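Only one structure is covered here, and it is reproduced in the block below.
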Amino acid sequence: MLKNALVRTPSPELINGITRGKRDKADYQKALQQHEQYQRLLVEQGISVTVLEANSSFPDSVFVEDVVVCTPKCAVITRPGVLQRREEIKGLENVLPPFYDEIKKIEAPGILEGGDVLLAGSHCFIGISERTNHAGADQLTAILQQQGITATTVPIKDMLHLKTGVVYLENNTLLVNSKYQDHPAFRSFNKITADTKEASAANSLWINGTVIVPAGYPVTRSNLEDAGYKTVAVDISEFEKLDGGLTCLSIRF
Ligand code: CIR
């Protein structure tokens, strides 16, 4: 059962965040409203939401998932792989102590972003991407091993992070985009596949029995409902313009 989430209010600088493709600029006022709706949905799933103040020094700081990995026994402050976000971790050591006694850090030459960390039961998949390298993955693996959690790496191409295309829905089940449907790493899991025209829907968010799906992907939503999941949709169009999905907008534990 998840109890807590940390989110960070988007700053007006959000519109200058990193994007991989050419997209329209995000609308800040709309992003603020969408973020509030996202928080409301978390609260409706029984989550206590802590809202961190906007940080205008870092346009992408609303994507908090990338800077902290929560494990059962400790929080791990990451070392973002992209230079524009490297210093985004400043101050996090002051935010985490009410929740965690033990805080660890990914150190150079490791880089690691939370979007690449997929905890599925007692096993963790770590994406090796433009943002996460083997040194970062090795450090997280060592931390997890001390807690009896195994970890393996999955090389990522054509996606920002591992969780862009694969998320865990509990019950030994993954939601995957079609490219990962037959990936050997995930052989032992049941899989629900996001519709091929709805690849972004693969980044949905399981919270305490409900799957929050991004609005605008009806086929994937009904695939989830057909599989027995209760779903609820939220519009995150302004964050999608910055390659952000549902999981990256919060840290849950
Ligand atoms: C970035 O490129 O870092 C941000 N614009 C998007 C981060 C999305 N994070 C995630 O999927 N975990």
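The values are calculated or read from the model by the stated rules, or taken from the named source; none is laboratory data. Source: prediction; values computed, not measured. Heads up, the Cβs are rebuilt from the backbone with ideal geometry, glycines too, and the neighbour counts pull from every protein chain shown. For the accessible areas, the whole protein counts, side chains as well, though only heavy atoms, and no ligand, DNA or RNA atoms are used. Shrake-Rupley method; radii C 1.70, N 1.55, O 1.52, S 1.80 Å.
Charge dipole of the stretch 198-245 (Cα centre as origin; +1 on each Lys and Arg Cβ, -1 on each Asp and Glu Cβ, all else neutral): 140 debye, rounded to the nearest 20. Remark on the stretch 1-132: hydrodynamic radius 15.8 angstrom, per the Kirkwood mean of 1/r across alpha carbon pairs. For Asp158 and Glu170, the difference between the fully extended length at 0.36 nm per residue and the C-alpha to C-alpha distance is 1.8 nm.
Computed with a 1.4 Å probe over protein heavy atoms only, the accessible area of Ile89 comes to about 30 Å². A 1.4 Å probe, protein heavy atoms only, puts the accessible area of Met159 near 20 Å². Take every Cα-Cα pair in the stretch 144-244 and report what % of them are more than 17 Å apart. Counting pairs separated by more than 17 Å, the tail of P(r) holds 52 percent.
Extension gain, His183-Gln145: 0.36 nm per intervening residue step, less the Cα-Cα distance, totals 11.3 nm.
With R₀ fixed at 41 Å, the C-beta to C-beta distance from Thr231 to Lys22 puts the FRET efficiency at about 0.85. Among beta bridges identified by DSSP and lying wholly in the chain, the antiparallel ones come to about 40 percent. With helices as the sole contributors, the chain gives -5000 deg cm²/dmol at 222 nm; each DSSP H run of n ≥ 4 counts as -39500 (n - 2.57), and the sum is divided by every residue.
In the context of the full protein assembly, Glu93 retains an accessible surface of approximately 90 Å², using a probe radius of 1.4 Å and ignoring ligands and nucleic acids. Highest mean packing first, where packing is the average number of other Cβ atoms within 10 Å per residue, the peptides 100-107, 10-17 line up as 10-17, 100-107.
Computed over protein heavy atoms with a 1.4 Å probe, the accessible surface of the stretch 29-116 works out to 46 Å² per residue.
Within the stretch 27-80, the trypsin sites (Lys or Arg not before Pro) that combine a DSSP coil assignment with at most 16 other C-beta atoms in a 10 angstrom radius are Lys73. Does the chain come out rounded, prolate or oblate, given a ≥ b ≥ c as the square roots of the eigenvalues of its C-alpha gyration tensor, rounded meaning a/c under 1.5 and, failing that, prolate meaning a/b above b/c? Cα axes put the chain in the rounded bin. Of the solvent-accessible surface of the chain, computed with a 1.4 Å probe and all protein chains present, 48% belongs to carbon and sulfur. Which distance in Å, rounded to a whole number, links the C-alpha centroids of the stretch 51-87 and the stretch 142-165? What the calculation gives is 17 Å, centre to centre.
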